[in-house]
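Asker: This structure is in structure tokens; I'll ask about it shortly.
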Amino acid sequence: MLTAEEKEKMAATLAAPVAHADHEADRCTSEEENRAAEALEEGVQQQATGPAAAVGHNRLSKLPLTRIKALMKTDPDVSLASQESVFIIAKATELFVEMIAKDAMVYAQQGKRKTLQRKDLDNAIEAIDEFAFLEGTLD
Amino acid sequence: MAERPEDLNLPNAVITRIIKEALPDGVNVSKEARRAISQAASVFVLYATSCANNFAMKAKRKTLNAGDVLAAMEEMEFERFMEPLREALEVYKKGQKGKKEVSEQKRKDKEKKTDSENDKSREEDEEEERMEEEAEAENEVEEEEVEN
């Protein structure tokens, strides 16, 4: 479980401006990785436009990998991350969003509402162990 | 080009779509709820990264790998994610392998073309190719290490 210190570190990371320049990040990744990640990101953007967009074989992750990687790199302890690890974190985040939305929905339904509200999120976070890491981190 | 944390939120449209696909039809999501979920998702990424990085550091590796992330999921009590993540990873790896083969094939085709154009310096080319292949073999080993 997260210590208070770790939570503080995360909150600081989210709040403080990022210190390391981007060229450092470039040195860490190979050009091929960047191209592949960009290709994946493009795949995602194509999906977002037009309702007729087909599900491409490359579109395994809905979330853009370059953005996920940039987030990961804000952690000063992280030096390098393999392409696969970035992908899995993106995928895990997708599963997390699904999970928290469904769990919060239970509270909306209890309140006989069809609209998910912020308080439903708060209730879910308080009630469900797996979401304990979120306590005190949201605005 | 420094990135500010505010710029590093996950795209709203994608978050909204994931939420909508998870919930039954006819359900709405307030703007505040959407914003909170998006923020929570960012926190999740940071938490998972930090956790995974601990495993990498324990193993004295500088590169975070997929195994570290899976171990992090278990540590974070998201075991339910592990099986779907493993499956997605398999599909992803196959896709990556296909891309690598395509780019390698393109490179070989390009080399063949160059060879036929330079008949006089054919011997030189052959030697160069041999040296390149050796270097490539080294690179492949490196790449595999990174991807593991």
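Asker: For A:Leu80, enumerate residues with amide H under 5 Å from its amide H, sequence gap 5+ or separate chain, H modeled in the peptide plane.
Answerer: B:Leu64
Asker: Please arrange A:Arg118, B:Arg17, B:Arg107 by how many other C-beta atoms lie within 10 Å of their C-beta, fewest to most.
Answerer: Ascending Cβ contact count within 10 Å gives the list B:Arg107, B:Arg17, A:Arg118.
Asker: Please arrange B:Lys112, A:Lys114, A:Lys91 by how many other C-beta atoms lie within 10 Å of their C-beta, fewest to most. Walk me through the intermediate numbers first.
Answerer: On the way: B:Lys112 9, A:Lys114 12, A:Lys91 23.
Final ranking by Cβ density, sparse to dense: B:Lys112, A:Lys114, A:Lys91.
Asker: Using amide H atoms built 1.01 Å from N in the peptide plane, name the residues 5+ places from B:Phe78, or on other chains, whose amide H lies under 5 Å from its own.
Answerer: Sorted by chain and number, the residues that satisfy this come to none at all.
Asker: Counting only residues 5 or more places away or on other chains, whose amide H sits under 5 Å from the amide H of A:Leu116 once H atoms are built in the peptide plane?
Answerer: For A:Leu116, the qualifying residues are B:Asn28, B:Val29, B:Ser30.
Asker: On a straight-distance basis, which lysines could pair with B:Lys93 in a cross-link, Cα separation under 22 angstrom, same-chain partners fewer than 8 positions away excluded?
Answerer: B:Lys93 reaches A:Lys62, A:Lys69, A:Lys91, B:Lys62, B:Lys106.
Asker: Let me ask another. Taking other Cβ within 10 Å of each residue's Cβ, how do B:Lys62, A:Lys119, A:Lys62 sort, fewest first? The partial results should precede the final answer.
Answerer: Numbers: B:Lys62 12, A:Lys119 16, A:Lys62 22.
Least crowded to most crowded, the residues run B:Lys62, A:Lys119, A:Lys62.
Since every read-out is calculated from the coordinates, none of them should be taken as a lab result. Keep in mind that what you see is a predicted model, and the values were worked out from it rather than measured. Because the Cβ atoms are built from the backbone with ideal geometry, glycine has one as well, and the counts that use them run over all protein chains shown.
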